[in-house]
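Step one of this worksheet: look at the structure below.
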Amino acid sequence: ALEVYTRAITLDSRLYEAYSNRGVIYSKQGAYEKAIADFQRALKIVPDFKPARFELGFAYQQQGEYERAVSEYEKILPESADDLGLHHNLSRCYARLGRVEEAKREREIAQRLRKLNEAVDAAQQKIRENPDVPGGYMELAKIYSENNQPAKAFELYKAALLKDSHLMDAYDEIATLYIQHNQREEAIAVYETAVGVESGYIRGHLMLGLLYRQR
């Protein structure tokens with residue numbers, strides 16, 4: 001692989017991904033100075049290439065240059081808030097630097113993300129095992145909803161309804177998401193659909209009455 005990436009770079013010196021990928025190989029071999037040089041070359045070509053920025057931080061971390069590692073990690077933190085590895089590495093670097101509160105914060109975030117990933121994996125496994133049963137879709141949708149990922153939650157609730165159009169909880173969750181995002185007309189349409197499917201859906205009628213009054 002090293003030979004292939006080196007040959008590619010020889011043919012085109014602006015192949016930033018080739019530099020980054022070669023740097024990863026050097027890093028795995030413990031050749032951190034070579035890895036750092038390659039990541040820096042990649043970032044000189046494309047400064048916002050996050051994989052190279054992360055790997056550069058990791059190479060510095062492995063060398064014990066924790067200030068430099070933190071500097072690289074913090075540059076991509078705003079756009080990588082859900083990156084478990086990033087928070088884990090930051091927590092370790094902060095701890096090494098004696099920045100106790102920041103280390104604790106990042107460790108707690110990493111623990112939360114780890115639990116979230118485990119929950120997502122478990123729900124996805126249910127879907128894989130029983131793709132025609134709506135329970136897995138509902139479970140995964142709720143996880144995304146509770147973790148501020150409404151777009152994913154919407155799609156999964158809709159997928160659950162495709163499996164069972166009489167699943168009133170799915171209508172309610174979709175409408176609730178719309179209400180939370182100040183999309184009341186969309187919520188009204190969802191509840192209207194729900195009571196059209198199931199005329200005895202009491203909560204649907206009650207919520208429609210409330211939403212109609214707020215128009």
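The values are calculated or read from the model by the stated rules, or taken from the named source; none is laboratory data. Note that this is a predicted model, so its numbers are computed, not measured. Positions of Cβ are generated from backbone atoms using ideal geometry, with glycine treated the same way; all protein chains shown enter the neighbour counts. We work out accessible area using only protein heavy atoms, side chains counted, and drop any ligands, DNA or RNA first. Shrake-Rupley method; radii C 1.70, N 1.55, O 1.52, S 1.80 Å.
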With a point put 7 Å past each Cα toward its Cβ, work out how far A119 is from Q63 in nm, to one decimal.
4.0
Ordering S145, S91 by how much accessible area each has at a 1.4 Å probe, largest first, what is the list?
S145, S91
Considering only protein heavy atoms, with the full assembly of protein chains and a 1.4 angstrom probe, order Y212, Y191 by accessible area, largest first.
Y212, Y191
Would you please give the residues with an amide H less than 5 Å from that of D82, counting only those at least 5 places away or on a separate chain, with H modeled from the backbone geometry?
none
Surface share of carbon and sulfur [accessible, 1.4 angstrom probe, percent] for the chain
50
Please give the per residue accessible area of the chain, computed with a probe of 1.4 Å over protein heavy atoms only, in Å².
58
Shape call for region 132-215, from the Cα gyration tensor axes a ≥ b ≥ c (a/c under 1.5 means rounded, otherwise prolate when a/b beats b/c, else oblate), comes out oblate
Assuming a ≥ b ≥ c are the square roots of the Cα gyration tensor eigenvalues, decide whether region 45-109 counts as rounded (a/c under 1.5), prolate (otherwise, with a/b larger than b/c) or oblate.
oblate
Nearest-0.05 FRET efficiency for A37 and L206 at R0 = 45 Å, using Cβ-Cβ distance, is 0.10
Name the residue from I76, Q111, G23 whose Cα lies farthest towards the positive end of the charge dipole of region 1-156, charges +1 on Cβ of Lys and Arg and -1 on Cβ of Asp and Glu.
G23
In nm, the gap between the two label points placed 7 Å beyond Cα toward Cβ at E146 and I25 is 4.4
With a Förster distance of 30 angstrom and the Cβ-Cβ distance between R112 and H166, calculated FRET efficiency to the nearest 0.05 equals 0.30
Could you work out how far the C-alpha centroid of region 192-215 sits from that of region 38-82, in angstrom?
51
Sort the following peptides by mean Cβ neighbour count (other Cβ atoms within 10 Å, averaged over residues), highest first: 177-186, 15-24.
15-24, 177-186
For the pair L2 and E101, what calculated FRET efficiency results from E = 1/(1 + (r/R0)^6), where r is the Cβ-Cβ distance and R0 = 35 Å, to the nearest 0.05?
0.25
Of K50/K104; K50/K158; K104/K158, which pairs sit farther than 30 Å apart, going by alpha carbon to alpha carbon?
K50/K158; K104/K158
With Cβ to Cβ distances under 13 Å as the rule, what net charge do the other residues near E108 carry (K, R +1; D, E -1)?
+3
Can you compute the helix-only [θ] at 222 nm over the chain? Use -39500 (n - 2.57) per DSSP H run of at least 4 residues, normalise by all residues, nearest 500 deg cm²/dmol.
-25500 deg cm²/dmol
Counting Lys and Arg as +1 and Asp and Glu as -1, what is the net charge of the other residues whose Cβ lies under 11 Å from the Cβ of E79?
0
Can you tally the net charge around A170? Count Lys and Arg as +1, Asp and Glu as -1, for every other residue whose Cβ sits under 12 Å from the Cβ of A170.
-4
